[in-house]
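*Asks:* Dumping the structure here so I can ask a few things about it.
The values are calculated or read from the model by the stated rules, or taken from the named source; none is laboratory data. The shown structure was predicted, so the numbers you read here are calculated from the model rather than taken from an experiment. Using ideal geometry, Cβ is built from the backbone for each residue, glycine included, and neighbour counts are taken over all protein chains shown. Just so you know, the surface numbers come from the protein's heavy atoms only, side chains and all, with ligands and any DNA or RNA stripped out. Shrake-Rupley method; radii C 1.70, N 1.55, O 1.52, S 1.80 Å.
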Number of protein chains: 4
Amino acid sequence: MRVGVLTGGGDCPGLNAVMRAVVRKGVQRYDYSFLGFRDGWRGPLEGDAMPLDIPTVRGTLPRGGTILGSSRTNPFKEEDGVRRIRENLAKHEVDALIAIGGEDTLGVAAKLTSEVGIKCVGVPKTIDNDLSATDYTFGFDTAVQVATEAIDRLHTTAESHMRVLVVEVMGRHAGWIALHSGLAGGANCILIPEQRFDIEKVCGWVESRFKASYAPIVVVAEGAMPLDGQMVLKDGSTDSFGHVRLSGIGEWLAKEVEQRTGKEARTTVLGHVQRGGTPSAFDRWLATRFGLHAIDAVHDGDWGTMVALQGTDIVRVPLREATEKLKTVSPELYEEAGVFFG
Amino acid sequence: MRVGVLTGGGDCPGLNAVMRAVVRKGVQRYDYSFLGFRDGWRGPLEGDAMPLDIPTVRGTLPRGGTILGSSRTNPFKEEDGVRRIRENLAKHEVDALIAIGGEDTLGVAAKLTSEVGIKCVGVPKTIDNDLSATDYTFGFDTAVQVATEAIDRLHTTAESHMRVLVVEVMGRHAGWIALHSGLAGGANCILIPEQRFDIEKVCGWVESRFKASYAPIVVVAEGAMPLDGQMVLKDGSTDSFGHVRLSGIGEWLAKEVEQRTGKEARTTVLGHVQRGGTPSAFDRWLATRFGLHAIDAVHDGDWGTMVALQGTDIVRVPLREATEKLKTVSPELYEEAGVFFG
Amino acid sequence: MRVGVLTGGGDCPGLNAVMRAVVRKGVQRYDYSFLGFRDGWRGPLEGDAMPLDIPTVRGTLPRGGTILGSSRTNPFKEEDGVRRIRENLAKHEVDALIAIGGEDTLGVAAKLTSEVGIKCVGVPKTIDNDLSATDYTFGFDTAVQVATEAIDRLHTTAESHMRVLVVEVMGRHAGWIALHSGLAGGANCILIPEQRFDIEKVCGWVESRFKASYAPIVVVAEGAMPLDGQMVLKDGSTDSFGHVRLSGIGEWLAKEVEQRTGKEARTTVLGHVQRGGTPSAFDRWLATRFGLHAIDAVHDGDWGTMVALQGTDIVRVPLREATEKLKTVSPELYEEAGVFFG
Amino acid sequence: MRVGVLTGGGDCPGLNAVMRAVVRKGVQRYDYSFLGFRDGWRGPLEGDAMPLDIPTVRGTLPRGGTILGSSRTNPFKEEDGVRRIRENLAKHEVDALIAIGGEDTLGVAAKLTSEVGIKCVGVPKTIDNDLSATDYTFGFDTAVQVATEAIDRLHTTAESHMRVLVVEVMGRHAGWIALHSGLAGGANCILIPEQRFDIEKVCGWVESRFKASYAPIVVVAEGAMPLDGQMVLKDGSTDSFGHVRLSGIGEWLAKEVEQRTGKEARTTVLGHVQRGGTPSAFDRWLATRFGLHAIDAVHDGDWGTMVALQGTDIVRVPLREATEKLKTVSPELYEEAGVFFG
């Protein structure tokens, strides 16, 4: 058996660890050979591939990013995409594919398996932890740790200067990174995309914090938004993402808090630092186990499934199911964190 | 309601985070007051207590150890222990207790609740992650991360000097820290207390590793033991723990590997570094949630229960059940890791 | 002898370590007592003080920020400032002052000593490392380490996505943080305030980097500026700092590089994360030694001097001299780094 | 010009960074070619070499260890050693050598240059920082940082359990790592090889520490020794290194303190963790600058010299001079740290 491997979407610490485990077990236990496709679905689409064997993946466990490269190419949006993939797989004598990626990458894998009969197994990857059917995805723990360490560092500045510090973290549609790093970092308020925030309440928390102890730290997910009407752009229009995309919600929030409370406020946008670099021990463990179980699924011919973490077990779930619903922060969980606000 | 809090057994990153969450929610949501008992069960036994309120726990989230101190005192082994505890609780007007600790500390809490009618709620704590009924305990992730970072550092020395490096990590009865840090650190063999190891196999892995790439790293739990008869002490006796306690299994292993393979071998014993210091983001999040749910259990009058992590949910389980069985690494899980040995 | 201590200007990891050393040696060796003034020169100006003894400074060595708070208050700009300081020192029976701060704070100390006869000793503090007369100031090493770790993390994203990553670091007038972290992080080009950069050259380096290996990382100090005429604002005006203050040089650079090279570019602005949090071992050592020598200078009655690092020795230099010239990156040193550009 | 490069002695974070800088500048500015010799002087002795060009050194800046491998081979102790080196250099058309190493490696380089006329330039390397003529050597800052982080972690355990914690760090003949990490970590006593310690004084500090606050941390260099007669071995003999080599000074100290003070004591031996792994930002900067200046020395034909750090300048000093004297901790510097003991 010859297995193709590809990584799609944004990079995530742990991608290499998955591949290392896939190859290691595939070669040693099942006597498979492997081929790495470059840049997600662009690889099989254009026949761009590289060898993937034990020496290739050696030493990659602690390395962030992906040695295969990544892209957001979708073969269903390319002319003749499916036919070209089929031909390239045949040409390279690839019998099955392991696709490591998020909603989009795995959606393609699901469709290729069910509609075209290409044998795919999926490994879930999303830094935002917003894929349902798995308790966690690798990369998320690293992102939370990086954000938490940054918040730790900001506390001392908040303490010494009596300034409001706004930290913008990743999370366009789901607030998991904000929630976890905000709780772990001791933030005084956490704003997530799942619930529109009231800027007046935020200012209230800021002010009560100043009274109770020292300066507040506000953690805001990049996708968080204020209540309708609160974000008034300079020219009078409201809620336009055009402005937000330019300056970011963090910067907007700092300015707004400064104006309304009279306290100095500063923003830190962590950006790509959260998704790069060496994976945490948890993420290396999770990614490694995902890889070991993905190659088992290939061996079992369990096409159209994805590996997933449930509790401490790695299980298999249908790809379709796994990708159809976004996993977001529930109102109950957000309410639970609220005890620390203010 | 006035709630007493105590921490027992070995220290663990996250103890303070639990207390901070307990106090924060207890005061703000339920209007409770709190009393901290010093040094585990010694506190209520001797009436040694300190105030515990929001200012006391402020800033303790990132701090390792426990501001209450700890001990291994067992009131059931002290003369008149139970009566003295009852009196001291009455004297301090304490209505209920939250006990944060491992098997021993929680065992006392279980017995006090069921046999004596003292109202206890438990929070599980074990750096070794060996309590059943909870997927993880706080402190474990930090220990694994510390051990993994150490292994990362040792790789470069192994690489440059062609030496076998033996890393001894915590785990007297369960090999979780060894298993997770060994997998995350890319160890070439992992030895755990659950399965006696064959020193000849270990030497075989060491030698095959030298052939394949560079020098091997062996991760060994402090409680791991070789097969019967392999550990021959100088005076001819075998398997005596007297010797092992003196020099440690790591050191024994290094010497043995050196003698049998002719390769230089060095040992690093991580020791207390694994259990001290600031908790990882994961452990802060887990400890905080444990605290929030423990005070909810008090509010619900759910005596004799312990909070536990199952998947991503915090649930309650009977204290008795939680402490009666050690959670160890299953043969299947150990076998899964074996693909990376050698 | 009773000694007042104050910390002025922006916070810096190591401020508490200086105070701890001052107090520890002052109390134990010289039998002095201490008073901490709050928020820089505002403290003695308004008579706002707190006790400072061994228990107060215990445990502060690893803590960032300053337990005394800080401000940019300048008594020479306040009505009756000098008289009020003199009165408050007399009222609190303070015989001498140790001022820990940058150019401004130390400038005040120099003037108070020479013009008014108030006995001051200075300890240099600038995260930017731009004070002449000392090889390094504490806090700088920590900032460089934080920035370097961020750059390390960004490499994997650059590698996986073929994007230009721009990292904006601190340094309004001096490029030391950019130079050191850029060299340590393996940046492909470093832009500093001391030399206007040519955006076309930067784009050339970006393009040659893409050809040679993977994507480039550009480190830019917040005070760096392009050549005259290259920064054209939307309305046609050039080089206005109004715009730059809004969006930052990093963001401008990313947009410009994107437009000119057609490669995707992203910005990370590290901001306050660089100046907060626990000091590096180097900074704790330097801050501790500065503190020990500052109290020696007080004991020797060496007023109007500042402690400074020269090689591995702590020496004393006149405050006047130390603050009159900014220490900037020399053309030779910048040229030396240039071998890694592109 | 064709330049050979080798790394000798124990590994040290920063070795690869030196080589990367040497090659980068040598190729780009001077148009040199390079050859890497494997395992220190064994390489030129046996003609074991590998290509060394820009692609080879790419990405090695953050990697600890040495891609060339290392050894303690001394060609002057090998039969016909010098002649064989000469022949191998001729055979590979190598015109000059850059030797990166400590006392031994550089001693050979000095002798080869002065006695045999082989053109050598040296780069100093010692994790212990004990080479005179340079303020610092790379690797030392990383080791101190690793040890300091470990001490930070141990504080919380000391605090929670009222135990004496002994930390054994590297330093056989010089106590620099112990002194710097002890000061940076807030140790309660620091023991170095330069001064025999009085175990009774140590116990006095331990006891006074328990009275003043919480439990003490003792940092001891591996080469530290008690006063004559204090180390009595079980069989009655004294000061024999045989015993010490077995159990280590740290373990001896813990047992002795436990017996004399009645307080529980535990030892952590950091070992190889201190010398492996990614270099700190300071060490990367220093190693990079050493590399840049070493290739300049080659270009200038300045044979028999070594690059060195003096203040913030890289200078050249005669190899002979640099290696003839060990740099140790002066009594004054040790006395300065003594204010924190107890």
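*Asks:* Anything in segment D:51-99 that is within 14 Å of chain B (Cβ to nearest Cβ) and under 13 Å from residue D:5 (Cα atoms)? List them, or say none.
*Replies:* Those that are within 14 Å of chain B (Cβ to nearest Cβ) and under 13 Å from residue D:5 (Cα atoms): D:66, D:67, D:68, D:69, D:70.
*Asks:* A further question on this structure: Out of C:320, C:316, C:289, I need the residue that is part of a helix (DSSP H, G or I) and open to solvent by 50 Å² or more (accessible area, probe 1.4 Å). Which one?
*Replies:* C:320
*Asks:* Applying the selection to segment C:249-286, what residues are aliphatic (A, V, I, L, M), within 14 Å of chain A (Cβ to nearest Cβ) and either assigned to a helix (DSSP H, G or I) or more than 30 Å from residue D:184 (Cβ to Cβ) (or both)? So that I can check it myself, show each step before the final result.
*Replies:* From segment C:249-286, those aliphatic (A, V, I, L, M) are C:249, C:253-254, C:257, C:265, C:269-270, C:273, C:281, C:286; that's our starting set.
If we keep only those that are within 14 Å of chain A (Cβ to nearest Cβ) as well, we get C:254, C:265, C:269-270, C:273.
The answer is C:254, C:265, C:273.
*Asks:* Can you report the number of residues in segment B:30-61 which are surrounded by 18 or more Cβ atoms within 10 Å (Cβ to Cβ) and not charged (D, E, K, R)?
*Replies:* Result for segment B:30-61: 15.
*Asks:* So which residues in segment B:147-174 are closer than 22 Å to residue D:267 by Cβ and acidic (Asp, Glu), if there are any at all?
*Replies:* Correct list: B:149, B:168.
*Asks:* Considering only segment C:75-110, state which residues are open to solvent by 40 Å² or more (accessible area, probe 1.4 Å) and either touching a residue at least 60 places away in the same chain (Cβ under 8 Å) or under 25 Å from residue C:308 (Cβ atoms) (or both). It would help to see each step written out before you state the result.
*Replies:* Here is the first cut: in segment C:75-110, the ones open to solvent by 40 Å² or more (accessible area, probe 1.4 Å) are C:76-80, C:83-84, C:86-87, C:90-93, C:95, C:103-104.
Scanning segment C:75-110 gives C:76, C:92, C:93, C:95, C:103, C:104.
*Asks:* Is it the case that segment B:243-262 has a residue that's in contact with a strand residue (DSSP E or B) (Cβ under 6 Å, 6 or more places away or on another chain), modelled with pLDDT of 85 or more, in the same structural domain as residue B:149 (by TED's automatic domain parsing) and over 20 Å from residue B:147 (Cα atoms)?
*Replies:* yes
*Asks:* Suppose the filter is among the acidic types (Asp, Glu), touching a strand residue (DSSP E or B) at 6+ places or on another chain (Cβ under 7 Å) and more than 27 Å from residue B:329 (Cβ to Cβ); does residue B:93 pass it?
*Replies:* Spelling it out, residue B:93 is indeed among the acidic types (Asp, Glu), touching a strand residue (DSSP E or B) at 6+ places or on another chain (Cβ under 7 Å) and more than 27 Å from residue B:329 (Cβ to Cβ).
*Asks:* Something else now. Can you tell me which residue is modelled with the highest pLDDT among those in segment A:306-325 that are out of contact with any Leu (no Cβ under 8 Å at 6 or more places or on another chain) and more than 30 Å from residue B:329 (Cα to Cα)?
*Replies:* Per the stated criteria, the residue is A:320.
*Asks:* Only one of (1) more than 28 Å from residue A:288 (Cβ to Cβ); (2) touching a residue at least 24 places away in the same chain (Cβ under 8 Å); (3) more than 14 Å from chain C (Cβ to nearest Cβ) is not met by residue A:164, so which one is it?
*Replies:* (3)
*Asks:* While we're here: State whether one or more residues within segment D:62-73 are without any contact (Cβ under 8 Å) to a residue 24 or more places away in the chain and open to solvent by 50 Å² or more (accessible area, probe 1.4 Å).
*Replies:* Looking through segment D:62-73, none of the residues is without any contact (Cβ under 8 Å) to a residue 24 or more places away in the chain and open to solvent by 50 Å² or more (accessible area, probe 1.4 Å).
*Asks:* Same structure, new question: May I ask you to verify whether residue D:38 is in contact with an Asp or Glu (Cβ under 7 Å, 6 or more places away or on another chain) and over 30 Å from residue C:148 (Cβ atoms)?
*Replies:* No: the conditions fail for residue D:38.
*Asks:* Filter the helices (runs of 4 or more DSSP H) completely within segment C:1-67 down to those with at least 3 residues that are closer than 21 Å to residue C:101 by Cβ and modelled with pLDDT of 95 or more. Can you show your working first?
*Replies:* On the way: elements: C:15-30, C:42-46, C:54-57.
In segment C:1-67, the matching helices (runs of 4 or more DSSP H) lie at C:15-30, C:42-46.
*Asks:* Also, I was wondering about something else. Among the residues in segment B:139-151, are any surrounded by fewer than 24 Cβ atoms within 10 Å (Cβ to Cβ) and at pLDDT 95 or above? Explain how you work it out, then say what you get.
*Replies:* Our first condition is that a residue be surrounded by fewer than 24 Cβ atoms within 10 Å (Cβ to Cβ); within segment B:139-151, this holds for B:149.
With at pLDDT 95 or above added as a condition, the list becomes B:149.
The answer is yes, given that some residue of segment B:139-151 is surrounded by fewer than 24 Cβ atoms within 10 Å (Cβ to Cβ) and at pLDDT 95 or above.
*Asks:* Please enumerate the residues belonging to segment B:194-226 that are more than 20 Å from residue B:167 (Cβ to Cβ) and modelled with pLDDT of 95 or more.
*Replies:* B:200
*Asks:* When segment A:180-204 is examined, which residues are found to be assigned to a helix (DSSP H, G or I) and either in contact with a helix residue (DSSP H, G or I) (Cβ under 7 Å, 6 or more places away or on another chain) or surrounded by 17 or more Cβ atoms within 10 Å (Cβ to Cβ) (or both)?
*Replies:* A:180, A:181, A:182, A:183, A:184, A:185, A:199, A:202, A:203 - these are the residues of segment A:180-204 that are assigned to a helix (DSSP H, G or I) and either in contact with a helix residue (DSSP H, G or I) (Cβ under 7 Å, 6 or more places away or on another chain) or surrounded by 17 or more Cβ atoms within 10 Å (Cβ to Cβ) (or both).
*Asks:* Take the residues in segment A:292-313 that are touching a residue at least 60 places away in the same chain (Cβ under 8 Å), open to solvent by 40 Å² or more (accessible area, probe 1.4 Å) and more than 19 Å from the chain's Cα centre (by Cα); name whichever of them is nearest to the other protein chains (Cβ to nearest Cβ).
*Replies:* Kept after step one, since they are touching a residue at least 60 places away in the same chain (Cβ under 8 Å), are these residues of segment A:292-313: A:292, A:294-299, A:301-311.
If we keep only those that are open to solvent by 40 Å² or more (accessible area, probe 1.4 Å) too, we end up with A:299, A:302-303, A:310.
From the residues that got through so far, the ones that are more than 19 Å from the chain's Cα centre (by Cα) too are A:299, A:302-303.
Details: A:299: 13, A:302: 17, A:303: 22 Å.
Among residues in segment A:292-313 that are touching a residue at least 60 places away in the same chain (Cβ under 8 Å), open to solvent by 40 Å² or more (accessible area, probe 1.4 Å) and more than 19 Å from the chain's Cα centre (by Cα), the one nearest to the other protein chains (Cβ to nearest Cβ) is A:299.
*Asks:* Now, a different point. Out of segment C:8-35, which residues are within 13 Å of another protein chain (Cβ to nearest Cβ) and among the small types (Gly, Ala, Ser)?
*Replies:* Selection gives C:8, C:9, C:10, C:14, C:17, C:21, C:26.
*Asks:* Within segment D:323-342, restricting attention to residues that are of a type in the set (Ser, Thr, Tyr) and in a loop (DSSP other than H, G, I, E, B), which residue is most open to solvent (accessible area, probe 1.4 Å)?
*Replies:* D:328
*Asks:* How many residues are open to solvent by 10 Å² or more (accessible area, probe 1.4 Å) and modelled with pLDDT under 95 when one looks only at segment A:155-171?
*Replies:* Here is the first cut: in segment A:155-171, the residues open to solvent by 10 Å² or more (accessible area, probe 1.4 Å) are A:155-156, A:159, A:161-163, A:168, A:170.
Among the residues that remain, those that are also modelled with pLDDT under 95 are: A:155-156, A:159, A:161-163.
Result for segment A:155-171: 6.
*Asks:* Among (1) in the same structural domain as residue D:147 (by TED's automatic domain parsing); (2) modelled with pLDDT of 95 or more, which single condition is residue D:294 missing?
*Replies:* Going through (1) in the same structural domain as residue D:147 (by TED's automatic domain parsing); (2) modelled with pLDDT of 95 or more one by one, residue D:294 breaks only (1).
*Asks:* Starting from residues that are closer than 28 Å to residue A:170 by Cα and aliphatic (A, V, I, L, M), keep the ones in segment A:1-20 and report whichever is farthest from the chain's Cα centre (by Cα). Before the answer, list the steps.
*Replies:* Step one: filter segment A:1-20 for residues closer than 28 Å to residue A:170 by Cα, giving A:5-20.
Now restrict to residues that are aliphatic (A, V, I, L, M): A:5-6, A:15, A:17-19.
On the way: A:5: 20, A:6: 17, A:15: 12, A:17: 16, A:18: 15, A:19: 18 Å.
If we take residues in segment A:1-20 being closer than 28 Å to residue A:170 by Cα and aliphatic (A, V, I, L, M), then A:5 is farthest from the chain's Cα centre (by Cα).
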